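Enquirer: First the structure, which I've put down as C-alpha cells, then a few questions once you've had a look.
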Amino acid sequence: MDTERDFLFLNDTHTFNCFEEGEYLVIQTYPSGKKLRVEHRSFDYRAAKNYCDLESMAHDYTSFDLRIVKDSKLWTVDFDGNPQSLSEQQDWKIAQKYFQLHKDKNVECEIVVCQCSYPYFSALEIGEYSSQLRLETCLVEDNSREIDQCPNCNCALIMGERTCSRGAYGQDARLRVNSLESL
Ligand SMILES: [Zn+2]
C-alpha cells in the first residue's frame, strides 16, 4: 500500500524535473489529462516548432502546441518564439491531501479536469432523498476553496456541459481518486 512517504517522493521527482526559464515545451493540448503531457523540450525555437508541427500532422485525434517557460509559467509563443500570452495549460500541482481521501461509499470523490486543463476536486454526497455536489480547488497553492466556475477559464462548472460550451464535465477527463491512489 502507498504511504505518504511514497507520494512525497513523487513530488520530489516532479520538482527535480521542473522546467527551466526560456525552455520551449511541446505539450499535448487535447485531450488534456491530470498531468501536463510534455512531448518535447528544447531551448531551440525552430527545433521545437518543427517537432510540434510534425507531431500535429502525425496524430488525428490529439492536439499539440508550443509553449515557452517564463516566470515559472507556461506562455504561448509568437511567430518569433517570444512569449505572447499566459497559457491556459499549466503544470498544475495537485495538493497531496486530495490523493489520500478517505473512502466513503456515500461520497463520490474525484479529480476532474476542465477542458482548459485545470484540475479541480468534485465531491458528490449521495443522500437518501437528495444529493449534494461540492466543487473545490485542489492545487498546492490554492485548495479547499469552493468554486462554481473554473478559476482558470471562468467556465461554469456546476451546470456542466449544458451551459458550458467547453464541456467541463467531459467523461474522458474524469479521473477517480480511487484509481489515482494506486499509482
Ligand atoms: Zn477551465
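Quick note: the coordinates plus some simple rules give every number you see, no bench work behind them. Remember, predicted model here, so these are calculated numbers, not experimental data. Cβ coordinates were reconstructed from backbone atoms using ideal geometry, including for glycine residues, and neighbour counts include every protein chain displayed.
Enquirer: Please list, by residue number, every one of the trypsin sites (Lys or Arg not before Pro) in the range 80-139 that is coil in DSSP and has at most 13 other beta-carbon atoms within 10 Å.
Expert: Numbers: sites: Lys93, Lys97, Lys103, Lys105, Arg134; in loops: Lys93, Lys103, Lys105.
Hits after loop and neighbour filter: Lys103, Lys105.
Enquirer: Too long at a 20 Å Cα-Cα cut-off: which of Lys70/Lys97; Lys34/Lys93; Lys35/Lys105; Lys34/Lys73?
Expert: As for pairs spanning more than 20 Å Cα to Cα, those are Lys70/Lys97; Lys35/Lys105.
Enquirer: For the range 105-157, which chymotrypsin sites (Phe, Trp or Tyr not before Pro) pass both filters: DSSP loop (anything but H, G, I, E, B) and at most 16 other C-beta atoms within 10 Å?
Expert: Tyr129
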